[in-house]
Structures are given as C-alpha cells and as structure tokens.
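Colleague: Here's a structure for you.
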Amino acid sequence: MVTTHNLGFPRVGAQRQLKFALEQYWRSEIEQDALQTAGQQLRAEHWQTQAQCNWLPVGDFAFYDQVLDMSFLLGHLPDRIKNLPGSALEQYFRVARGRANNQDDHPVFAGEMTKWFDTNYHYIVPELTQETQFKPNFDKLLEQVKEAKALNHNVKPVLIGPVTYLWLSKSKDETPVLDFLPELIQVYQQLLIALADQGIEWVQIDEPILVTELAEEWQQAFRRAYAGLNNTPIRLLLTTYFGQLGSNLTLASELGTAGIHLDVINAADEVEALIQACPQETVISLGVINGRNIWKTDLNLTLEWLEPIAEQLQDRLWLAPSCSLLHVPVDLATEEKLDPEIKDWLAFAHQKLAELDTLKTALNQGRDAVADALKANQQSIASRNQSARVHKPQVKQAVADALIRSSSRLSVYQKRSQHQAKKLALPAFPTTTIGSFPQTTEIRRTRAQFKKGALDHAAYQRIMKQEIKNSIDRQEALGLDVLVHGEAERNDMVEYFGEQLDGYAFSQNGWVQSYGSRCVKPPILFGDITRPKAMTVEWISYAQSLTEKPMKGMLTGPVTMLNWSFVRDDQSREASCYQLALAIRDEVLDLEQAGIGLIQIDEAALREGLPLRQSQWQGYLDWAIKSFQICANGVGDETQIHTHMCYSEFNDILPEIAKMDADVITIETSRSDMELLDAFDAFNYPNQIGPGVYDIHSPNVPEVSQIVKLMDKAALRIPKERLWINPDCGLKTRQWNEVEPALKNMVEAAKTLRAAAG
C-alpha cells in the first residue's frame, strides 16, 4: 500500500489569522496567552485539513520563521539577546524584528534576513561566533507533538537538518561554521531521543542543500552527521527539495537514513537512479505534486509513470508534495470572484492534498475507484492547453523582434552621468527612499471600498491624490533630495502591475507568507502578456506637479514580476520574462515622454531566481539581465535609471548586476552592518549605489551617528561621489511615527557627511 504524507502546511491561515494575531500582539493589544491560543487553534485546523495523509508534519508552524524556530530549539540565541529580561517569546521577536512589542524597553538589532533558497520566503540567519554553544530547548516542539497526538493524528516532526542549518548560518568572527558540527550533532541526537520517548517513529529531516553543488568538506559533514544521527531509535526521512540531487545522489543514498524524499517536479529523471542506489529496505518518498506552483497536476499522466514504480516498490513508496506547501495559498474554495475558467486550472494547498489522495487511491485500489476525479482532471488540463486566452501569436512575434534589436543604452555610464548631474543638480550623498510610504488604515479602506464599488472613480482618485500630496509635503518638510509619490494607490508591487496587464489573473485570498506577518498575494501569470494602456504615468505626473524637486517613477521589473508570480508552466520562464520586459519598456518610455527624469525599475527578486547549482547560473542570468536591458535601455542619456534589490547576497553576481547598467542601484545592507559591500573590495562597481542605511523591517529608529558610521564603511569601498543614502527597502509596512524620525535622522546624517566631505 502506498503511503502519503505532507512536508509542511501554510501557517498563516486561510484568512491570514496568524498575521492579524501577530500584529495585535506587536501593538500590545493582546497578551502572549492570546497569541499562543491563536497559534494552537491554527495548528489544530491545519492538522485536520491534512488528516487524509498517513503522516502529518509537526514543527512546521512558526510565529515568524522556521529557521529562527530551529535556532531556539537548539538553544542558539545571539549574544545580544541572551541576558535581556522577558519570556522566550519576547526574546524570539527581538531576534526577528528588533523588539518584542510596542511596550518593549529593550530594542536590539534584529537578526539578518535573507531569502530561503530560490523562494520569496525570508529566514532569519543564525549567527555563530567562537563563543556559540548549543543547549537543548525542546519543550516547544514536544508540546506540539503532544497537541497533535491528543487529536489522534499520526505525527512526523519536521526538523531542519544539522548540515543545512550550518550552511544557512553566518560566522560573525570568521570561525568556520563546520567547527560547530560535533556539538550540534550531540544536540540533535538528544532531540531525536526525546522524540522517541514521546512515541515518535519517523522524523522528517530537511537537508535541501543536497540539491546544491557541495564542496568535499560539506560532503564529509553529511557523512559525519548522519553516522551519528542514525544511532538513535528514530527512523529518519532525509528530505530534499527545490532541485535535483545530481552529483549528490550517491552521497544521499549512502547516508543510511530509513527513507529519502526526492522532488520529482524538478528531478523526475533521477527516480530510477535513486531507487537503484538505495538499499532494498529504504523508503522512497516522491514529491509528485508541485508544492511551489498552483496549477493542477495532470493526474492521468502522473499515474502512467507512477504505476510501474508503485508495482516495483510496493510498501516502500511514499507520496507527497515536492516541498512544503508553505509556498502556495491555503484554499481555492474561498475564491468567489476568480474567473471560473482559470479557477478550474488551479490547485491551492487543500486541493493539492486532495490530488495526493486521488493518486494514493488510484495506486492502492485502481483507477476505477477515482474515475470521476480523473475524468474531471483530464478535462481541466485539456481546457487550459487549448485556451485562446493563453496563447497569442502576436506577442511571441513581438518578443522575437525585440531580441533582434540592440538593448544597450545610447552612451556609456561616464557620459550619461555627466548629463544627469547637470540636469538633476543633486548634492553630494543625495537622499531618497525606495518608493512606498506607510499604507495607512485610511488608504487600505479607500482601496477596499473602491474595489467593492462602494466608492466611485472620481472619489477614489481624489482621496489617493490627497494621500500623494501628503507624502510629498512630508518629504519636502524632511528635506529629502529625490522624492517618490508614496504608492498609495498600489496594493502590492507585483499585483498592482499585473492587474493592468492582459495575461494575469488574481485571487482574493491567495496569500502566501513572505516573513513574519508579511503576506503577499502573487498574481497568476496564465497567458501571453500585453499592456493595454499606461499604468503609472498619471499618478507620477501628478506627484511631479506638486514639487520642484525631482520625482522618481516607480516600476517593478520583469524578473521580479516573474519570480513573484505564480508562473505558467507550459512555456519557459525565459519566454514569459521577455514578454513582461516588453510591457514594462512601454511604461518606461511613456514616463520619460511625460517628463519624469528618474525611473526606478525594481528587481528585488533577481537573485532568488538563480538556479541552486552555480553551474546553471549563467543561463538564467543571460536572459534575466537581457530582460532588464530590454525594458530599461530605450531611454535617453539624461534619464536616470534606478533599480532596487533587497535581502539577498549579491557578491557572487556583481559582474552580472553591472551589466544591467542601471545608473543607480539601491541594496539592503543595514542588517549585515554593510558586510554585503565587502564584495566591492574585489569588484570595482562602475555606477552609483545606495546601500540601505536602516532596517525598515524593524520599528527601531536609527541614530544619526549609526547612519554616518554605516556610510563611512560604505565610502571605504565606493567613491563618495557615487554614494546615495536611503532606507534598505520600501516603507509601506511601517507607521508614520516611525518613518518620519528615521528619515529625519537620515537627512541629518547626509548633512553631516557633506560637511565632513567639504
């Protein structure tokens, strides 16, 4: 009999209950007990949803981030946190966001945040120093195991594996991270024994770095770690996802775990090799349902290749989604306004588990037992494949024509920068922001009323223009040099543009966690892309009419549009990205024609699209950079092109970023204390750069001296005349009472730096 299990479930709740509970706690509106109760209720609901699986995950729920949870499970707290007063939950949020709640009198630097492999999920980077010690702190996980077992569920705790944990960590004093492996193995052994004492049989141990290219020392780390972990009473399911095992397939098969999970969506051609490489008794778990995208699985096609494998493996075959369902929305059933034809092509987390159950039933009882479900699925697949809404020959021809044309700027940067300096007349260390300002309750209410039809277009425009004027007035008062319109009319940097492009569809409740309480609702890119009309020109032009200072036009770039959408899987991502680039190019040219002299094309997600194997990077970078060039490089020399990238390590792709040839790039560096700029010691970045000087994901207000210190560090690597001063990201999630003093200090820091530079 085939066994099914799930690797993880979306923790935010179908109606974002976790988000709202967290934010109430942070605002000091509820106590810890109420937040803990909300978490317990969500876990119970999620386990019930997954009850059709043979094994349910426990430990995949986190109030902020599962890597941070793992750090606390291991008793691994940053030194600056250890001696502060308060509960474990207060300490947890101090690491996550710099303070526990509004009443916390002990603000600290939040932990560094970066992207989880090639996803848009962010995790808190574990910090290691020579003094780091790991101490068992298992109560939270053991309590959740008791919760699930009390509800009569078959539970399979989920852990981040020790080698991946160290790989995700950062040494703060150059101590090699693998030096911590022996002590870490001991704590993991204690944890597995504690779980065995609770009656646990299986533990899912996630080691996704096995789909990357591993140096010999990391391969040896795996052998050493699992030689120790296999000497416990627990059966380990070694879990990989997001890619192929490749050269690590033999390594994974020789680690001696009781089972191995393979992401079949990305590694279907490795199934037979893995079966042959593993010992006869090893459980083979196949991730046959896409855990990162929302299209229905072709169940009949899947069964065609899966049935012989089931016959071969018998009870050794487990089925699951390819990865945790954390990366998809919760339930398609809540979508009441989604186009019925497109809705029929989709599957969210609930529906993916139903697909998994259909496959299990078909394999265990025969296809006749689920004939109706298989027939309905086949009709949905055929409908999508044949839809004229998906395929538009004229768009494909436009892309072919664009790829033939040159995509370079008219002049080199050195010449352009002279024209721009003369036109803009900016001071040294010019100050700006990344684009968005606080999305107040009034702004959100106005947008919601307009969407529901409770507010007519004229009234909506009037209120939005008032909000834009408010943001301009505040920026003028603060003394910023380059202004933005504040993006009051925008719900999300991708969704806003997708709503105005043909080829996109939108859910009502398709929320996915990005980090903490931050949720995004990725648009659904289902067909060939066109731009029917200008998307931002009216708003930006209005904002420019209110000020003599230069105004930045704000756009989302094609690579970020792609990487932050649920993308069609019936053509290459490259082809879809070129289509988006053409649409954004039209908007860039319209902004320039309207007299906007600075245009920021955000590519926040450029790096997260990199393949996990470095040997495959160049192919992706070639078309990603080409896409940016297509959309950005049709303007004249006097038009200054900006781009923004956040929460990623860029050191190893700086030459490719330089090829983008943006006049100004802004990046996140505050949480890393400008460490991300170390790469500029070896690479002479030719254009202007704005290293983020304060962390917008924390409510803490930076001091003037702190900003000056960070900029002095930046000036050691970048010539002062090419440095800008800005926050590390947009400000939509903050409050004005946090934003204004922070920006005031940023402007004061710029004045200090100008005075020091003469």
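Colleague: Only residues that are small (Gly, Ala, Ser) and open to solvent by less than 30 Å² (accessible area, probe 1.4 Å): list them for the range 611-629, please.
Modeller: ALA624, SER627 - these are the residues of the range 611-629 that are small (Gly, Ala, Ser) and open to solvent by less than 30 Å² (accessible area, probe 1.4 Å).
Colleague: To continue, here is another question. Taking MET554 as the residue in question, decide whether it is outside any strand (DSSP E or B), surrounded by 18 or more Cβ atoms within 10 Å (Cβ to Cβ) and of a type in the set (A, V, I, L, M, F, W, C).
Modeller: no
Colleague: On the given criteria, is ALA534 of a type outside the set (Val, Ile, Thr) and part of a helix (DSSP H, G or I)?
Modeller: So ALA534 fails the test.
Colleague: Residues of the range 97-132 being assigned to a strand (DSSP E or B), open to solvent by 10 Å² or more (accessible area, probe 1.4 Å) and modelled with pLDDT of 90 or more, which ones?
Modeller: Those that are assigned to a strand (DSSP E or B), open to solvent by 10 Å² or more (accessible area, probe 1.4 Å) and modelled with pLDDT of 90 or more: HIS122, TYR123, GLU127.
Colleague: Another question, then. On the basis of being open to solvent by less than 20 Å² (accessible area, probe 1.4 Å) and closer than 21 Å to TYR226 by Cβ, does LEU159 make the cut?
Modeller: yes
Colleague: May I ask you to say which residue of LEU84, LEU77 is more than 22 Å from VAL155 (Cβ to Cβ), at pLDDT below 95 and buried (at least 22 other Cβ atoms within 10 Å of the Cβ)?
Modeller: Within the list LEU84, LEU77, the selection yields LEU77.
Colleague: Sticking with this structure for a sec: Can you tell me which residues in the range 522-533 are surrounded by 18 or more Cβ atoms within 10 Å (Cβ to Cβ) and either in contact with an Asp or Glu (Cβ under 7 Å, 6 or more places away or on another chain) or modelled with pLDDT of 95 or more (or both)?
Modeller: Within the range 522-533, PRO523, ILE524, LEU525, PHE526, GLY527, ASP528, ILE529, ARG531 meet the criteria.
Colleague: I want to confirm something. Restricting to the range 716-744 and keeping residues that are open to solvent by 30 Å² or more (accessible area, probe 1.4 Å), of a type outside the set (Lys, Arg) and in a helix (DSSP H, G or I), which single residue is nearest to GLU487 (Cα to Cα)?
Modeller: TRP736
Colleague: Residues in the range 397-417: is at least one surrounded by fewer than 17 Cβ atoms within 10 Å (Cβ to Cβ) and closer than 29 Å to VAL330 by Cα?
Modeller: No, the range 397-417 contains no residue that is surrounded by fewer than 17 Cβ atoms within 10 Å (Cβ to Cβ) and closer than 29 Å to VAL330 by Cα.
Colleague: Report, by residue number, each residue of the range 326-364 that is open to solvent by 30 Å² or more (accessible area, probe 1.4 Å), part of a helix (DSSP H, G or I), touching a strand residue (DSSP E or B) at 6+ places or on another chain (Cβ under 9 Å) and over 30 Å from ILE309 (Cβ atoms).
Modeller: LYS343
Colleague: (1) crowded, with 19+ Cβ neighbours inside 10 Å; (2) over 21 Å from VAL412 (Cα atoms); (3) out of contact with any Pro (no Cβ under 9 Å at 6 or more places or on another chain): which one isn't true of THR643, the others all being true?
Modeller: Of (1) crowded, with 19+ Cβ neighbours inside 10 Å; (2) over 21 Å from VAL412 (Cα atoms); (3) out of contact with any Pro (no Cβ under 9 Å at 6 or more places or on another chain), only one is false for THR643: (2).
Colleague: Quick check on ILE601: is it within 24 Å of the chain's Cα centre (by Cα) and within 16 Å of ILE665 (Cα to Cα)?
Modeller: Values: within 24 Å of the chain's Cα centre (by Cα): yes; within 16 Å of ILE665 (Cα to Cα): yes.
Yes; evaluated as a whole, the condition is true for this residue.
Colleague: Residue check: is LEU299 more than 25 Å from PHE348 (Cβ to Cβ) and at pLDDT 95 or above?
Modeller: Details: more than 25 Å from PHE348 (Cβ to Cβ): no; at pLDDT 95 or above: yes.
For LEU299, the condition - more than 25 Å from PHE348 (Cβ to Cβ) and at pLDDT 95 or above - is not met.
Colleague: I'm trying to understand the selection: among the residues of the range 646-683, which are part of a loop (DSSP other than H, G, I, E, B), open to solvent by 20 Å² or more (accessible area, probe 1.4 Å), modelled with pLDDT under 80 and farther than 29 Å from HIS106 by Cβ?
Modeller: The answer is GLU649, ALA682, PHE683.
Colleague: Spot the failing condition for ALA21; the list is (1) open to solvent by less than 20 Å² (accessible area, probe 1.4 Å); (2) part of a loop (DSSP other than H, G, I, E, B); (3) more than 21 Å from VAL203 (Cα to Cα), and only one is missed.
Modeller: Tallying (1) open to solvent by less than 20 Å² (accessible area, probe 1.4 Å); (2) part of a loop (DSSP other than H, G, I, E, B); (3) more than 21 Å from VAL203 (Cα to Cα), ALA21 fails exactly one: (2).
Colleague: Could you list, in sequence order, all residues of the range 8-18 that are aromatic (Phe, Trp, Tyr) and surrounded by fewer than 22 Cβ atoms within 10 Å (Cβ to Cβ)?
Modeller: Within the range 8-18, no residue meets the criteria.
Colleague: Take the range 1-23 and flag every residue that is of a type in the set (A, V, I, L, M), at pLDDT 95 or above and farther than 19 Å from ALA349 by Cα.
Modeller: Those that are of a type in the set (A, V, I, L, M), at pLDDT 95 or above and farther than 19 Å from ALA349 by Cα: VAL2, ALA21, LEU22.
Colleague: Ok, one more. Please determine whether any residue of the range 221-228 is within 25 Å of LYS115 (Cα to Cα) and either touching a strand residue (DSSP E or B) at 6+ places or on another chain (Cβ under 7 Å) or among the aromatic types (Phe, Trp, Tyr) (or both).
Modeller: Yes, because at least one residue in the range 221-228 is within 25 Å of LYS115 (Cα to Cα) and either touching a strand residue (DSSP E or B) at 6+ places or on another chain (Cβ under 7 Å) or among the aromatic types (Phe, Trp, Tyr) (or both).
Colleague: Moving on to the next point. Write out, first by first residue and then by second, each pair whose Cβ atoms fall under 8 Å of each other, whose residues are 6+ apart or on separate chains, and whose first residue, in the range 61-83, is at positive phi while the second is surrounded by fewer than 21 Cβ atoms within 10 Å (Cβ to Cβ) and not aliphatic (A, V, I, L, M).
Modeller: GLY75/GLN133; GLY75/PHE134; GLY75/LYS135; GLY75/PRO136; GLY75/ASN137
Colleague: Let me ask something else about it. What number goes with the only condition from (1) in contact (Cβ under 8 Å) with a residue 24 or more places away in the chain; (2) more than 19 Å from PHE242 (Cα to Cα); (3) not polar (S, T, N, Q) that ILE289 does not pass?
Modeller: (2)
The values are calculated or read from the model by the stated rules, or taken from the named source; none is laboratory data. Everything numeric in this text was worked out from a predicted model, so none of it was measured. Virtual Cβ from ideal backbone geometry, glycine too; neighbours counted across all protein chains shown. All accessible areas refer to the heavy atoms of the entire protein, side chains included, with ligands and DNA or RNA removed. Shrake-Rupley method; radii C 1.70, N 1.55, O 1.52, S 1.80 Å.
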